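The values are calculated or read from the model by the stated rules, or taken from the named source; none is laboratory data. As the structure is a computational prediction, the values presented were derived from the model and not from experiment. Here Cβ is always computed from backbone atoms with ideal geometry, including for glycine, and neighbour counts include all displayed protein chains. Surface accessibility is based on the protein's heavy atoms, side chains included, excluding ligands, DNA and RNA. Shrake-Rupley method; radii C 1.70, N 1.55, O 1.52, S 1.80 Å.
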Amino acid sequence: MPSHQTPPNLILLVWHDTGRTFNTYGHATAHTPHTNRLAQQGAQFQNCFATCAICSPSRASIFTGRTCQDHGVMHLANGPEDNRIRPGATHLAQHLRDLGYHTALVGVQHEACPEHVASIQNFHETRAAGPWPAAPRVADAACDLLNERASDTATPFYLQLGFFEAHRPFDFEGCPSDTSLGLDLPLYLRDTKTHRHDMAGIQGMLRRGDDAFGRILEQLDRLGLDDHTVVVVTADHGLAMPRAKTQMYDAGIEVPWIVRYPNVVPAGQHIDPMCSHLDIAPTLLELMALPPLNADAGHSFAPHLRSEDDRPLRDAHFAHMVEAFRCIRTDTHKLIRNFNPPNAWGPPPIGDPLPHGVSPEQMLQDPERFPFVELYDLTDDPLESRNLAADPDHAEFRDRLDARLLRFLKDQDDFVLGTRPNNAFSAAAVQQANDTLRRLAAPATL
């Protein structure tokens, strides 16, 4: 048994492209009993959101506690010539190594290209890490590592786990579809044969990943490491489905966040205040009584996990999608800025097929269908299907949210406000955003 004089171990699992499509989050036909049990034994955040609708930027925020604009990863980190986490934005793995942890990567990581892993994360070791291992192989390697680490009672470990599941293709490495509990389609999807086929594949990926996760949890229990190990589950962004991944709608940025820490985090909690990828690292470090990361932008929800507080800590969340979209989300509303044609990265609002052959110039003539700004009332319209941005009754409120979003982009030195657009729509969108920022800059307007 490990000595409780040492800091707790940490296992942090990041799923790929799952959103909150787990049974414990209400997707009744997802066969995810091990994730369910973890949530029952710990705490489940109900309203956690990603900083980006694709993986590298959002993952970099998870592990640095910084906004995408601050840590510098604004696109996919696929090669050494691409963007990377900036020097000074310390990765959680490096931070824990500096604190005396043995650090290991098992499975997928995508916050850095392979050439930068050694300099950015600096793990002591990596196993089953490349290029895209399926969950059963990740579980094999993780169980072997846990067996080895159990004998070192003086050194805490940090195990960063990454599953390929549920990235496309959904039959990756022979993964079978799963409809053993039925088949639920998210309400934002039309009921089509293609969507049903894909959701069955996603459910299969979730089942395979959950089975692998269950094996890791069983090994942790078998070795007597449960009580002194914090186990965390999250994901990078939403499902790889229309109106989800790559989009600013909630389906694109909603993520799970589950934390189990026996005897510290009371079991069975649902934590409702809105939170962000930015909050994961600062929360875990405070929960584990460890020094914080330098200059993180997140809030610590450790008091919430200990059932000492239930107050909201953030009144807004910001997210982005490379050069295309930016958004601000509050508890009740969402405002999206489209810097590229709003549906060029995915289908438009529900039931409205994207026409082929529409030029950027033609899109500018149809602002209702291709708007620069979208505003949604999430209380009355959770599917974000009725854009209120042009409604005069919402003009003042729209301006307030818009001003806050644009000021955030300006303060963060987001490249999108100074980008060199490659089409007429983008040029007009950037110009309109900068004009609006100047118009709304007067203190009386804010």
Legend entry - Cβ pairs under 7 Å, 6+ apart, first in the range 396-422 and in contact (Cβ under 8 Å) with a residue 24 or more places away in the chain, second loosely packed, with under 14 Cβ neighbours inside 10 Å: ASP399/THR445; ALA403/THR445; ALA403/LEU446
Legend entry - Of residues in the range 347-379 being in a loop (DSSP other than H, G, I, E, B), open to solvent by less than 80 Å² (accessible area, probe 1.4 Å) and touching a Ser or Thr at 6+ places or on another chain (Cβ under 8 Å), the one modelled with the highest pLDDT: LEU378
Inset, instruction - Output the qualifying pairs, or none if there are none: Cβ atoms under 7 angstrom, residues six or more apart or on different chains, first residue in the range 171-196 and under 16 Å from ALA244 (Cβ atoms), second residue crowded, with 16+ Cβ neighbours inside 10 Å and among the polar types (S, T, N, Q). - result: ASP184/THR29
Legend entry - Qualifying residues in the range 148-166 (those that are touching a residue at least 24 places away in the same chain (Cβ under 8 Å), small (Gly, Ala, Ser) and in a loop (DSSP other than H, G, I, E, B)) - the one most open to solvent (accessible area, probe 1.4 Å): ALA154
Inset, instruction - Name, by its number, the condition in (1) buried (at least 23 other Cβ atoms within 10 Å of the Cβ); (2) in a strand (DSSP E or B) that does not hold for ASN47. - result: (1)
Legend entry - Restricting the range 329-342 to residues that are farther than 20 Å from GLN431 by Cβ and part of a strand (DSSP E or B), the residue that is least open to solvent (accessible area, probe 1.4 Å): LYS334
Legend entry - Qualifying residues in the range 254-298 (those that are in contact with a Phe, Trp or Tyr (Cβ under 8 Å, 6 or more places away or on another chain) and among the acidic types (Asp, Glu)) - the one nearest to ASP221 (Cα to Cα): ASP279
Legend entry - Test for ARG196: is it out of contact with any Cys (no Cβ under 7 Å at 6 or more places or on another chain) and under 20 Å from PHE170 (Cα atoms): yes
Inset, instruction - Please determine, by comparing only the residues of the range 383-402 that are part of a loop (DSSP other than H, G, I, E, B) and not small (Gly, Ala, Ser), which one is farthest from ALA244 (Cα to Cα). - result: ASP391
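In the range 215-236, how many are over 13 Å from PHE163 (Cα atoms) and open to solvent by less than 10 Å² (accessible area, probe 1.4 Å)?
Qualifying residue count for the region: 6.
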Inset, instruction - Determine whether the range 167-175 contains at least one residue that is open to solvent by 10 Å² or more (accessible area, probe 1.4 Å) and over 24 Å from the mean Cα position of the chain (by Cα). - result: yes
Legend entry - Hits in the range 265-308 - residues which are surrounded by 15 or more Cβ atoms within 10 Å (Cβ to Cβ) and among the acidic types (Asp, Glu): ASP279, GLU286, ASP296
Inset, instruction - Could you run through the range 85-121 and say how many residues are outside any helix (DSSP H, G or I), open to solvent by 50 Å² or more (accessible area, probe 1.4 Å) and at pLDDT 90 or above? - result: 2
Legend entry - Qualifying residue in the range 132-147 (condition: closer than 27 Å to PRO8 by Cβ, open to solvent by 10 Å² or more (accessible area, probe 1.4 Å) and in a loop (DSSP other than H, G, I, E, B)): no
Inset, instruction - Could you list all residues from the range 122-136 that are within 20 Å of HIS102 (Cα to Cα) and at pLDDT 90 or above? - result: ASN122, PHE123, HIS124, GLU125, THR126, ARG127, ALA128
Legend entry - Flag for ALA142 being of a type in the set (A, V, I, L, M) and at pLDDT below 95: no
Inset, instruction - Could you identify the single residue in LEU437, LEU405, LEU401 that is touching a helix residue (DSSP H, G or I) at 6+ places or on another chain (Cβ under 8 Å) and open to solvent by less than 50 Å² (accessible area, probe 1.4 Å)? - result: LEU437
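Between PRO382, PRO392, which is open to solvent by 50 Å² or more (accessible area, probe 1.4 Å) and without any contact (Cβ under 8 Å) to a residue 24 or more places away in the chain?
Only one candidate qualifies: PRO392.
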Legend entry - Selection count, the range 56-81, where residues are in a helix (DSSP H, G or I) and crowded, with 24+ Cβ neighbours inside 10 Å: 11
Inset, instruction - Look through the range 122-131, keep the residues that are without any contact (Cβ under 8 Å) to a residue 24 or more places away in the chain and of a type outside the set (Val, Ile, Thr), and return whichever of them is most open to solvent (accessible area, probe 1.4 Å). - result: PRO131
